[in-house]
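Notes follow once the structure below has been shown.
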Amino acid sequence: MTELLTPDLLAAQPLDHACALSARCYTDPRMPALDARSVFAKSWQLVCHQSQLAGVGDHLVTAIAGLPIVVVRSDETTLRAFHNVCRHRAGPVASCDGKGATALRCRYHGWTYGLDGVLRGAPEMGRTPDFDPSTIRLPEARVQVWQGLVFVATGEAPPFAEFVEGIDARLGEGRSLAGFEFHHRASWEVACNWKVYVDNYLEGYHVPHIHPGLNSVLDYRSYVTETARWYSYQFSPLESADELYGSGEALYYFLYPNTMLNILPGRLQTNRVLPLGVDRCRVEFDFYYAPDTSDEGRARRERDIAFSDEVQDEDVTICEDVQRGLASGSYESGRLNPLRENAVHHFHELLRRAYREHA
Ligand code: FES
Ligand SMILES: [Fe+2]
């Protein structure tokens, strides 16, 4: 079998001479396993907003790089994330999201864990020699709540303060995300590698060509993309004549490797891009709005969602076209535009480094 990624494909590249990642990173059937262990298992993953786990015992199930996780509010002030893998014979200790649980009970044989992850009871095991439930506990992953958003890391991930350094100051008090209310989730399955979707998110270069509606709201000439250590962000003044968002700023954060925060006046929308296979991903959009029960507020939310759907349809179509191009055998890595694709380069450099360490 040929080597998946040779050292020359993974060498660091200066922005002004950079090429895109090799097609093989998007198409080789061995990539999902490499992405899981070198990228997803080493990163902070957004799981929800804290308002979705407001009560003690509220819990949510997810998976990171194939590892099932349950996140639970174990007391008023503590969120915990456990491996959702029973210590008996690997059943799930939570099968679905839920509210107000007093314990986590495995559905296979009924072993029951407290919200602190310690085994409390195991049916008919009372007389088993040298079996002490208090020594058996679910392994724990790290949880961090920031701006009301709940992140989990299952392995070595950057220190959280370093991961988001500078974002709080950029948002300021006026644009804190913690006060937004969850509205709904929309999911799309897209026939492309997860990195195609991320690449596309990271540049405004395509906006005038792919998104005529969005282009009329943003000021493309003033569109700026900046990179930090673990994230990049794009911002543009909104045309003040726009009745959808009013004047202000559109601010789009990408947090490596797969989280996006789309911040516009009065609304936050998060995206998670989840690999489903080498040529498939699921994109989950969670919509949040500043509390507003007025008719005008409702109408604005409806227009925002319709507009977001339109932009997403345009992105999905081009991403699926790009995946076909990458898989065609015709494509060799092309030059990036240093002015407009610096965040794509930034993402690819982080990936090259991760792959260098694990290839
Ligand atoms: S696997 Fe959980 S109780 Fe048996
Ligand atoms: Fe787009």
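The values are calculated or read from the model by the stated rules, or taken from the named source; none is laboratory data. Here the structure is a predicted model, which is why all the values come from computation and not from measurement. Counting neighbours? That spans all protein chains shown, and the Cβs are built from the backbone with ideal geometry, glycine included. Surface accessibility is based on the protein's heavy atoms, side chains included, excluding ligands, DNA and RNA. Shrake-Rupley method; radii C 1.70, N 1.55, O 1.52, S 1.80 Å.
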Anything in the stretch 49-63 that is surrounded by fewer than 18 Cβ atoms within 10 Å (Cβ to Cβ) and within 16 Å of the chain's Cα centre (by Cα)? List them, or say none.
50, 63
Given (1) at pLDDT below 95; (2) not in a helix (DSSP H, G or I), where does residue 170 come up short, assuming only one miss?
(2)
Segments classed as strands (runs of 3 or more DSSP E), wholly inside the stretch 1-80, with at least 3 members that are in contact with a Phe, Trp or Tyr (Cβ under 9 Å, 6 or more places away or on another chain) and under 30 Å from residue 183 (Cβ atoms):
45-49, 67-75
Filtered residues of the stretch 203-223 (kept if in contact with a helix residue (DSSP H, G or I) (Cβ under 6 Å, 6 or more places away or on another chain) and in a loop (DSSP other than H, G, I, E, B)):
203, 211
For residue 292, indicate whether it is open to solvent by less than 10 Å² (accessible area, probe 1.4 Å), of a type outside the set (Phe, Trp, Tyr) and on the phi < 0 side of the Ramachandran plot.
no
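Matching residues to (1) open to solvent by 30 Å² or more (accessible area, probe 1.4 Å); (2) at pLDDT 95 or above; (3) within 13 Å of ligand 2 (Cβ to nearest atom):
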{"site": "196", "(1), (2), (3)": "no, yes, yes"}
{"site": "227", "(1), (2), (3)": "yes, yes, no"}
{"site": "253", "(1), (2), (3)": "no, yes, no"}
{"site": "256", "(1), (2), (3)": "no, yes, no"}
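Here is a check on your reading of the model: is residue 271 modelled with pLDDT of 90 or more and closer than 27 Å to residue 175 by Cα? Reasoning before the result, please.
Numbers: modelled with pLDDT of 90 or more: yes; closer than 27 Å to residue 175 by Cα: yes.
The answer is yes for residue 271.
Say whether the condition of being among the charged types (D, E, K, R) and in a loop (DSSP other than H, G, I, E, B) is met by at least one residue in the stretch 106-121.
Of the stretch 106-121, the ones among the charged types (D, E, K, R) are 107, 116, 120.
Narrowing further to those that are in a loop (DSSP other than H, G, I, E, B): 107, 116.
Yes, the stretch 106-121 contains at least one residue that is among the charged types (D, E, K, R) and in a loop (DSSP other than H, G, I, E, B).
With respect to residue 95, determine if the residue is away from ligand 2 (no atom under 16 Å from the Cβ) and at pLDDT 95 or above.
Working: away from ligand 2 (no atom under 16 Å from the Cβ): yes; at pLDDT 95 or above: yes.
Judged against the criteria, residue 95 is a match.
Tally time: how many residues in the stretch 339-355 are open to solvent by less than 20 Å² (accessible area, probe 1.4 Å) and closer than 11 Å to residue 232 by Cβ? Let's see the steps before the verdict.
At the first step, the residues of the stretch 339-355 found to be open to solvent by less than 20 Å² (accessible area, probe 1.4 Å) are 343-344, 347-348, 350-352, 354-355.
Among the residues that remain, those that are also closer than 11 Å to residue 232 by Cβ are: 343-344, 347, 350.
Within the stretch 339-355, residues that are open to solvent by less than 20 Å² (accessible area, probe 1.4 Å) and closer than 11 Å to residue 232 by Cβ number 4.
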Among the numbered criteria (1) more than 16 Å from ligand 2 (Cβ to nearest atom); (2) touching a strand residue (DSSP E or B) at 6+ places or on another chain (Cβ under 7 Å); (3) of a type in the set (A, V, I, L, M), which single criterion is violated by residue 218?
(1)
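Which residue, of 104, 115, is surrounded by 16 or more Cβ atoms within 10 Å (Cβ to Cβ), more than 16 Å from ligand 1 (Cβ to nearest atom) and over 21 Å from the mean Cα position of the chain (by Cα)?
Answer to the check: 115.
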Restrict the check to the stretch 65-85 and report whether at least one residue is crowded, with 23+ Cβ neighbours inside 10 Å, among the small types (Gly, Ala, Ser) and under 16 Å from residue 138 (Cα atoms).
yes
